[in-house]
Amino acid sequence: MRRAVCPGSFDPVTNGHIDIVQRASALFDEVVVAVGVNKSKNRLFSAEERIEMLREACAGFDNVRVDGFSGLLTDFCTENGIQAIVKGLRAVSDFDYELQMAQMNASLTDVETVFVPTSPEYSFLASSLVKEVAMFGGDVSALVPAFVHRALTERLAERATAEG
Ligand code: ADP
């Protein structure tokens, strides 16, 4: 059984993430989408919300499951019998850090990193940018699933109300 992990914070999941998960699911017998649940003040959505959104987004992929993880990704890989980490590469700017991370992870345990080039239509897409654009009223409806767009709009409105 060839098993891969697609790790990330997914705050929230975008069409760029889904594209990578779908392509990974065609390459591996099983794909685990691992949502980092480490506490961070900068998250818009809780770990449970991010996991729930990914489950909905990945519901159509038979060999994909969604799980939370904390601590070292390499430990998660060992515990779950995962041989490969799949990362999407958007631009050259992603490469330096991702290469360093891949080499570090390989030195920690026997895990391979597989880079998948982003589809051109998503190469500018990052959760952080989606949140920023949405916060200022920009239309991000083509960049995330419809149910994520609704959740994002609601959450940002709640935030705006709370901050007066
Ligand atoms: P981001 O805020 O950049 O979306 P995440 O930590 O949620 O960050 O992303 C998890 C992983 O998903 C990234 O390391 C990257 O491999 C991949 N990814 C994110 N956005 C895209 C995209 N638009 N195209 C391809 N891969 C992506």
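The values are calculated or read from the model by the stated rules, or taken from the named source; none is laboratory data. The shown structure was predicted, so the numbers you read here are calculated from the model rather than taken from an experiment. Ideal geometry is used to build each Cβ from the backbone, glycine not excepted, and the neighbour counts take in all protein chains shown. Side chains included, ligands, DNA and RNA excluded: accessible areas come from the protein's heavy atoms. Shrake-Rupley method; radii C 1.70, N 1.55, O 1.52, S 1.80 Å.
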How many of the residues in segment 81-102 are within 15 Å of the ligand (Cβ to nearest atom) and open to solvent by less than 40 Å² (accessible area, probe 1.4 Å)?
8
Residue match in segment 144-163 (condition: assigned to a loop (DSSP other than H, G, I, E, B), surrounded by fewer than 16 Cβ atoms within 10 Å (Cβ to Cβ), more than 14 Å from the chain's Cα centre (by Cα) and within 15 Å of the ligand (Cβ to nearest atom))
no
Of all residues in segment 18-34 being within 11 Å of the ligand (Cβ to nearest atom) and open to solvent by less than 50 Å² (accessible area, probe 1.4 Å), which is nearest to Val114 (Cα to Cα)?
Ala24
Odd one out for Val37, checked against (1) more than 28 Å from Ser107 (Cβ to Cβ); (2) among the hydrophobic types (A, V, I, L, M, F, W, C); (3) open to solvent by 30 Å² or more (accessible area, probe 1.4 Å):
(1)
Just give me the residues in segment 113-135 being within 8 Å of the ligand (Cβ to nearest atom), touching a helix residue (DSSP H, G or I) at 6+ places or on another chain (Cβ under 9 Å) and not hydrophobic (A, V, I, L, M, F, W, C), in sequence order.
Thr118, Ser119, Tyr122, Ser123, Ser127
So which residues in segment 1-17 are within 12 Å of Ala126 (Cβ to Cβ) and open to solvent by 40 Å² or more (accessible area, probe 1.4 Å)?
Ser9, His17
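Rundown of residues vs (1) closer than 18 Å to Ser70 by Cα; (2) modelled with pLDDT of 95 or more, yes/no style:
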| residue | (1), (2) |
| --- | --- |
| Arg2 | no, yes |
| Ser9 | yes, yes |
| Pro12 | yes, yes |
| Arg23 | no, yes |
| Leu27 | no, yes |
| Val33 | yes, yes |
| Lys39 | yes, no |
Output for segment 119-143, where each listed residue is touching an Asp or Glu at 6+ places or on another chain (Cβ under 9 Å), surrounded by 12 or more Cβ atoms within 10 Å (Cβ to Cβ) and of a type in the set (Ser, Thr, Tyr)
Ser119, Tyr122, Ser127
List, please: which pairs have Cβ atoms under 9 Å, are six or more places apart or on different chains, and start with a residue in segment 120-139 that is in a helix (DSSP H, G or I) and end with one that is of a type in the set (Lys, Arg)?
Tyr122/Arg90; Met135/Arg159
Among the numbered criteria (1) within 18 Å of Phe115 (Cα to Cα); (2) within 15 Å of the chain's Cα centre (by Cα), which one does Ala91 miss?
(2)
Among Thr78, Thr109, which is the only one that is open to solvent by 50 Å² or more (accessible area, probe 1.4 Å), more than 15 Å from the ligand (Cβ to nearest atom) and of a type in the set (Val, Ile, Thr)?
Thr78
